[in-house]
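Taking it in order: structure first as structure tokens, then the write-up.
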Amino acid sequence: MDYLYAEARRRPASRYINAAPLTGYIWRSPIRFDPNYDTAYRILSGAWDILQAEFQQAPPLFFVDTDPETRAKKYPPLRYPFLKHLLEQDYEVVLATSKGVIYRCMDRR
């Protein structure tokens, strides 16, 4: 989905438009074959602090979980304290399907 920003000529709210630096999950990781495989060792140092600072500076209007039925079972946004607090306090679900969950910022209507 990260290509959509370029196509729309829009700037994302954070440099982390892909979850890899935040979860350590990289496409084709061993987790595909071993659900207990831990990718935490690949989390980019300081990534969560950067994400939080960027979201405070420019909160995204939408937050999209593009994989709620597969990897998100291991990496749901609500697993991470910063995202859990943000989504519970400032966002509401506007669409939920097996293909994704879209949250909208309640303060920016």
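Quick notes on this structure:
- Just so you know, in the range 10-64 the residues that are under 17 Å from the mean Cα position of the chain (by Cα) and of a type in the set (S, T, Y) include one that is farthest from K74 (Cα to Cα), and it is S14.
- Filter result for A19 (at pLDDT below 80, under 19 Å from K99 (Cβ atoms), out of contact with any Ser or Thr (no Cβ under 7 Å at 6 or more places or on another chain) and surrounded by 10 or more Cβ atoms within 10 Å (Cβ to Cβ)): no
- Condition met for P60 (modelled with pLDDT of 85 or more, closer than 20 Å to L83 by Cα and surrounded by 13 or more Cβ atoms within 10 Å (Cβ to Cβ)): yes
- Hey, S45 loosely packed, with under 11 Cβ neighbours inside 10 Å, small (G, A, S) and modelled with pLDDT of 90 or more or not: yes
The values are calculated or read from the model by the stated rules, or taken from the named source; none is laboratory data. Worth saying up front: this structure is predicted, and the values here are computed from it rather than measured. Neighbour counts are summed over all protein chains in view; Cβ atoms, including those assigned to glycine, are modelled from backbone coordinates with ideal geometry.
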